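Down below is the structure, laid out as structure tokens.
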Amino acid sequence: MTRPVSSSGEVTRLLEQLRGGDREALDRLFPLVYQELRHAADRVLRREAPGHTLQPTALVHEAYLKLAAGPIGSDNRAHFLGIAARAMRQVLVDHARRRRAAKRGGGDAAVSLSDADGAIDIQSDEMLALDEALNRLASESDRLRQVVELRFFGGLTEEEIATTMGVTTRTVQRDWVKARAWLHKELAMGRGP
């Protein structure tokens, strides 16, 4: 499915205005990238089991509120989508915290870091453990953390990640395999016997 793509020049112009202090530029930018963000949110939440209480539209809107609350130092569309992926990660982690506080971990839905090579299955109450593991991964390799964040939370394809990060698709593929293995080990150690 091909998603609508807005004018890259218009997005870049609005990002420049935003960097220049025009906070209203975000309101003009959001409709231009909304479909891309909505598509990414849909892909992320499709990994959740049925009955997940956060819907793609809500995820995008909550991420927008996070973006609107702070400075956005983005140079281009790809960088902005990376920032949006981080905001979606924060929303999902916050959502997991609220669910854990409300349910104390009972009956949470599964989340999967998967691709054709296999999967890492975690419970949504373990979203916090994933977040902590990603923070530890960043201290070892921020590039690996960014690949996971863009793919899992941003819903970007390998090609989109490569463009965003300025690396080859093959590099993204290798990084995804390394990051998944590292996260699998970290999350398995955190589960205990």
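Observations on the structure shown:
- Test for G154: is it among the small types (G, A, S) and under 16 Å from the mean Cα position of the chain (by Cα): yes
- Tally of residues being surrounded by 14 or more Cβ atoms within 10 Å (Cβ to Cβ) and under 17 Å from the mean Cα position of the chain (by Cα) across region 158-172: 8
- Selected residue [at pLDDT below 90, out of contact with any Pro (no Cβ under 7 Å at 6 or more places or on another chain) and among the hydrophobic types (A, V, I, L, M, F, W, C)] from L144, L81, L137: L81
The values are calculated or read from the model by the stated rules, or taken from the named source; none is laboratory data. Given the structure is predicted, the values throughout are model-derived calculations rather than measurements. No Cβ is skipped: glycine too gets one built from the backbone with ideal geometry, and neighbour counts run over all protein chains shown.
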